[in-house]
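Okay, so here's the structure we're looking at.
The values are calculated or read from the model by the stated rules, or taken from the named source; none is laboratory data. What you see is a predicted model; the values in this text were computed from it and never measured. Every residue, glycine among them, receives a Cβ derived from its backbone with ideal geometry; neighbour counts consider all protein chains shown.
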Amino acid sequence: MSTELEREIARRRTFAIISHPDAGKTTLTEKLLLYGGAIHLAGSVKAKRARRHATSDWMELEKERGISVTSSVLQFPYRGHAVNLLDTPGHQDFSEDTYRTLAAADAAVMLIDAAKGVEPQTKKLFKVCRMRGIPIFTFVNKLDRYGRSPLELMDELEQVLGIRAYPMNWPIGSGPEFRGVYDRNSKNVHVFTSDESHGESEVAERVVPLDAPEMASVLTDAERAKLQEDIDLLDIGGDAFDRSKVDSGQLSPMFFGSAMTNFGVRPFLDAFLELAPLPAGRKAVTGFVEPTREAFSGFVFKIQANMDPSHRDRIAFLRVVSGKYEKGMSAFHSRLGKDVRLAKPSQFMAAERTAIEDAWPGDVIGLFDPGQYRIGDSLAKGGPLDFEGVPRFSPEHFAVVRAKDPLRRKQMEKGLEQLSEEGTIQIFQQPQMGMKDPIVGVVGALQFEVLQYRIEHEYGAQILLDRLPYTHARWVVGPQFDAKTFDWEGNRQTVQDRDGLPLVLFRDDWALQHAEDKHPEFTFLSAAPQLRAGAVVAAPA
Ligand code: G4P
């Protein structure tokens, strides 16, 4: 085994931040980059303000609505580590994208607003992390504001999510009375100092041992006594730190801080990198692939078109599972059954792309995609390898789509085709109805808005969407299935996917149940049959 490969694996960490919108993910991400030396001025306030007024950049919708629509992948160096942060969209309608991104991460940081606690989107995303069994770290944010008591938050984690927390540090006060955090390991107090710059530069850190005489100038007697009481409570009543429970996602190391003021970001990053797992291998159909396998391998978890409007290109994001990627190399594309050249790889530094020479397990590379990749595709040096586990979800919202101006139909079709390859939408045809207009299915209803926006701005066609009353799509397998006779019970409709496979759209649970009961000769699948190699999961409720 190459020692270089081992060394590169050892210094890599790949993770994603999961949170409910507004918990401070953008802010924390910027601060992590700031500490990684990747940007000199974090300035979340400025960036957001600029975002609100920017009109010329790509994905204007994202800016107008102040939500992050697409995931981006960032790599930054920090104290000898190469840290890969996979950013995930916060809005629930884009959760499909988030789930796939989590398939490429080895750990998750669950960001919680101290005043709000566990919110619906946190809960959903947490479930996905649980399913994958990856370590989950908790960062409780906004301590500079009044929030819930830390004990209450720990309790909520256990009651709502079913995970126990191990506080790595402990907050002293909150809001205007926030004094800092006590580090349980070093027994030092990190003293909170708020400057007026909104955390645009690194904070000067003042660390005072709890038993130092100087502590008298930091905490009042009452604050000191309360802290001691809390510490005793945690030491006696709390969980012991158990590394194996952290690794299996049963115990969450918990941190407190304030991303906006940078407070607690560095201690968090230091501890996180120490505890977060090394890049893990992945399960393939033929067996588990270790990252130390010499031969390069990886899987595509995301496809993104038109990232840069001046280059009409498409990027396939590939997570390296094993071996070393070298610029210009070829690898075997399992689905296509042939070698392909992995062209124009890039890594992403915020919105900028930089060409890369090599990449290692845990890294994500962006491959130029002339239309040959699909989500879930595996690439491997020296022969076929099929990785499992990139989830595909069955759409839950449907609409017939038409070009407003019939002369623009071609542009519309091109846009639909490309966006379906990205995995943003699924397209179904309805030939047996004699209808030319396709049906589009999406997992979250907001994706319709994105679809309309992107087809107009990237392909120059305005589209009309007529919503359909269906909520489930099921591929049908069975020798006697005949779309014509199966159609029209009134609460369902048969369509075809892009590969010509039949599937039925059902109005509701009842309609699906009814068909299943009445037709035991057919199997109704929530994902296309040829994609089923263990890669199918249902969207968590
Ligand atoms: P998101 O990506 O999770 O949606 O959250 P984002 O970072 O955009 O933060 C949401 C809001 O919370 C922002 O305020 C941000 O400044 C604020 N915030 C983030 N971290 C902290 C923190 O540690 N303390 C406090 N007090 N606030 C925090 P905003 O008013 O929406 O925007 P802005 O005008 O401040 O930019």
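Testing Gln411 on (1) modelled with pLDDT under 90; (2) polar (S, T, N, Q); (3) surrounded by 18 or more Cβ atoms within 10 Å (Cβ to Cβ), one condition comes back false. Which one is that? The one condition Gln411 does not meet is (1). Within region 255-274, the set of residues being in a loop (DSSP other than H, G, I, E, B) and surrounded by fewer than 24 Cβ atoms within 10 Å (Cβ to Cβ) comprises Met260, Thr261.
Given the condition surrounded by 12 or more Cβ atoms within 10 Å (Cβ to Cβ), assigned to a loop (DSSP other than H, G, I, E, B) and out of contact with any Phe, Trp or Tyr (no Cβ under 6 Å at 6 or more places or on another chain), answer yes or no: does some residue in region 231-246 qualify? Within region 231-246, one or more residues are surrounded by 12 or more Cβ atoms within 10 Å (Cβ to Cβ), assigned to a loop (DSSP other than H, G, I, E, B) and out of contact with any Phe, Trp or Tyr (no Cβ under 6 Å at 6 or more places or on another chain).
So which of Arg492, Arg507 ends up being surrounded by 14 or more Cβ atoms within 10 Å (Cβ to Cβ), touching a helix residue (DSSP H, G or I) at 6+ places or on another chain (Cβ under 8 Å) and among the charged types (D, E, K, R)? From the options Arg492, Arg507, the qualifying one is Arg492. Of the candidates Arg184, Arg206, the single residue that is basic (Lys, Arg) and either in the same structural domain as Ser334 (by TED's automatic domain parsing) or touching a Leu at 6+ places or on another chain (Cβ under 8 Å) (or both) is Arg184.
On inspection, Tyr182 does not qualify as assigned to a strand (DSSP E or B) and over 19 Å from Glu223 (Cβ atoms).
For region 479-498, the criterion of being at pLDDT 90 or above, part of a loop (DSSP other than H, G, I, E, B) and of a type outside the set (Ser, Thr, Tyr) is met by none of the residues.
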